[in-house]
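**Q** Mind having a look at this structure? Questions to follow.
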Amino acid sequence: MKVTITVPGRFHAFNLAYGLLQNNNLDKIITSYPAYILKSYGIPSKHVKSLIFKELYCRFYNLIYKKYPQSIFINILFDFFASCLIPKNSDIYILWAGFSKLTIKRIRKVNPTAKIILERGSTHIQFQYKILHHEYKNFPNINFNLPNVKLIQREIDEYNLVDYIAVPTEFTEKTFIDYGILKTKMFINPYGVDLDIFKEKKYNKVNNTLNILFTGNFSVRKGANIYLHVLKLCENKRYLKFTIVGTIESGLYEYLQPYISNGQVTFISQVPQKELPKIYQDADIFFFPSHEEGLGLVLLQAMASGLCIIASENSGFGSFANGENGYICNLTEYETIVKIFDKLYNNELLLLKHSKNTRNTVINNYSWEEYINRSLIFYKKIN
């Protein structure tokens, strides 16, 4: 069984490719990253076809035009070149949603018996548009960073053209079923995390404070309005310290700036991956109030590091929450979220209990090895 992957970036595709390689199942991976990056993941260049122009274009665009959402142009361009490079004789093709319509049609023409799986790391694109369109209304000065109509239709076409759609959680699957996709077409496979890199923290309160962490892109999609409401309620609780590590969506910094100025929030811009484990080790709680998510890898990293999780149902945490490893928060009950912070600040034993349980949840089910095993079992079943 030979498997080819096309991915416009990295995501979890490199971990999947390495696992397939270890089992002698990887044919090719077509990506916008250069081959030397994949070599650091243990993937030899002979298995890699690089379309680096996509990555360069996106980074340049974000630098110059970051206030405006990108057009569908780069999706079509990557798709076109990937379709030209796609191997003809793979048994299974793993493609990325929004970047694969031409590639799907090419595979159907040259290899009609092959199975095609579409990876969608978020909810159904129509669900995503609906919920984010509503949330952006909370920030009238920010340009809507939403998929345009052509991209939505392109992705819906992909859903209908492929054999299966891979998603990371039951919540994500439900959004597809709600929009008419058959359950038999769905493959739920939660992502993994490197347990050797993200290790269990040792709890000790620093300066008698509770350190609350958010990593990733601080954006409307990730629950910026929830976060800001909570910060407002915590203004006089100086024992609660918030840290945001990553990027801030254009237009949102002005909302955060007063809290950064008064010391309530520490903002750290993007850091190298190798520094992330230390950042998790210095935190007590991972606060992730996302409005729309498949399964953020940062959530798994925080769990592997033994942080107590406070997250929304839509974040993907609903698939893991068992009452012993953290809290699912209602996105409109800001006072309840703050009460949970206070409860954990005043009960270090409870915090420690959640810490051990979050780590154990990941160890038992969500290593990259388990992710690869689930993938291989499914691929062999459909091949």
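All of the numbers you see were taken from the coordinates with simple rules; none came from a lab. Keep in mind the model is a prediction, meaning the values are calculated, not measured. Cβ coordinates were reconstructed from backbone atoms using ideal geometry, including for glycine residues, and neighbour counts include every protein chain displayed.
**Q** How big is the dipole moment of segment 290-383 about its Cα centre under a simple scheme where the beta carbon of each Lys and Arg is +1, that of each Asp and Glu is -1, and everything else is neutral? Debye, nearest 20, please.
**A** 420
**Q** Normalising by the residue count of the chain, find the relative contact order in percent from Cα pairs under 8 Å and 6+ residues apart.
**A** 15
**Q** Evaluate the relative contact order of segment 210-365 (contact order divided by residue number), counting alpha-carbon pairs under 8 angstrom at least 6 apart; express in whole percent.
**A** About 25 percent, as a whole number.
**Q** Would you kindly derive the ³J(HN,Hα) couplings of segment 316-327 from the backbone phi angles with the Karplus curve 6.51 cos²θ - 1.76 cosθ + 1.60 (θ = phi - 60°), listing them in order in whole Hz, with x for Gly and Pro?
**A** Couplings: x, 5, x, 6, 10, 4, 9, x, 10, 10, x, 9 Hz.
**Q** Give me the Debye-computed log₁₀ of I(q)/I(0) at q = 0.06, 0.13 Å⁻¹ for the chain, equal point scatterers on Cα only, no solvent, two decimals.
**A** For the chain at q = 0.06, 0.13 Å⁻¹, log10 I(q)/I(0) is -0.23, -1.12.
**Q** How far, in degrees from 0 to 90, does helix 73-85 lean away from the longest principal axis of the Cα atoms of the chain, to the nearest 10?
**A** 40
**Q** Continuing with this model, one more query. For the cross-link pairs LYS137/LYS353; LYS356/LYS381; LYS39/LYS278; LYS88/LYS380; LYS150/LYS232, which exceed 27 Å when the distance is taken from alpha carbon to alpha carbon?
**A** LYS137/LYS353; LYS356/LYS381; LYS150/LYS232
**Q** Measure out, as a whole number of angstrom, how far apart the alpha-carbon centroids of segment 90-106 and segment 266-336 sit.
**A** Rounded to whole Å, the Cα centres lie 32 Å apart.
**Q** Subtract the Cα-Cα distance of LYS339 and LYS199 from 0.36 nm times their separation in residues, and report this length gain in nm to one decimal.
**A** Between LYS339 and LYS199, full extension yields an extra 47.6 nm.
**Q** Continuing with this model, one more query. Relative to the longest principal axis of the chain, what angle (0 to 90°, nearest 10) does the C-alpha long axis of helix 348-365 take?
**A** Helix 348-365 sits at roughly 10 degrees to that axis.
**Q** Would you work out which of PHE99, TYR345, PRO87 lies farthest towards the positive end of the dipole of the chain, given +1 charges on the beta-carbon of Lys and Arg and -1 on that of Asp and Glu, about the Cα centre?
**A** Result: PRO87, furthest along the dipole toward the positive end.
**Q** Right, something else. Taking 7 Å along the Cα-to-C-beta vector as the label spot, tell me the THR247-ASN138 distance in nanometres, rounded to one decimal.
**A** 2.1
**Q** If you rank PHE14, PHE78, PHE218 by fewest surrounding Cβ atoms within 10 Å, what's the result?
**A** The most exposed by this proxy come first: PHE14, PHE218, PHE78.
**Q** How high is the FRET efficiency from ASP157 to LEU349, r the C-beta distance, R0 56 Å, rounded to 0.05?
**A** That pair, ASP157 with LEU349, gives E of 0.55.
**Q** Neighbour counts of other C-beta atoms within 10 Å: give me LYS130, LYS88, LYS241 arranged from fewest to most.
**A** In order of increasing Cβ crowding within 10 Å: LYS88, LYS130, LYS241.
**Q** What FRET efficiency comes out for SER269 versus ASN208 if R0 is 30 angstrom and r is the Cβ-Cβ distance? Round to the nearest 0.05.
**A** 0.60
**Q** How much FRET efficiency would the formula 1/(1 + (r/R0)^6) give for ILE328 and LYS105, where r is the Cβ-Cβ distance and R0 is 56 Å, rounded to 0.05?
**A** 0.85
**Q** For TYR33, list long-range residues whose amide hydrogen, built 1.01 Å from N in the peptide plane, is under 5 Å from its own amide hydrogen.
**A** Residues meeting the criterion, in which the H sits 1.01 Å from N, are GLY9, LEU51.
**Q** How big is the dipole moment of the chain about its Cα centre under a simple scheme where the beta carbon of each Lys and Arg is +1, that of each Asp and Glu is -1, and everything else is neutral? Debye, nearest 20, please.
**A** 960
**Q** Now, a different point. By how many nm would the segment from TYR179 to LYS150 grow when fully extended, if each residue of separation counts as 0.36 nm and the alpha-carbon distance is taken off?
**A** That pair, TYR179 and LYS150, stretches by 8.7 nm at full extension.
**Q** Among TYR239, SER315, PRO34, which residue has its Cα positioned farthest towards the positive end of the charge dipole of the chain, with +1 placed on the Cβ of Lys and Arg, -1 on the Cβ of Asp and Glu, and the dipole taken about the Cα centre?
**A** Checking the options against the dipole of the chain, the answer is PRO34.
**Q** Karplus couplings for segment 330-343 from phi (6.51 cos²θ - 1.76 cosθ + 1.60, θ = phi - 60°), rounded to Hz, Gly and Pro as x?
**A** After applying 6.51 cos²θ - 1.76 cosθ + 1.60, I find 6, 5, 10, 9, 5, 5, 5, 4, 5, 4, 5, 4, 5, 4 Hz.
**Q** Starting with the fewest neighbours, write out PHE214, PHE187 ranked by other beta-carbon atoms found within 10 Å of each beta-carbon.
**A** Listing PHE214, PHE187 from fewest to most nearby Cβ atoms yields PHE187, PHE214.
**Q** Using a simple charge model, +1 on the beta-carbon of Lys and Arg, -1 on the beta-carbon of Asp and Glu, nothing else, what dipole does segment 210-365 show about its Cα centre, in debye to the nearest 20?
**A** My answer is approximately 340 debye.
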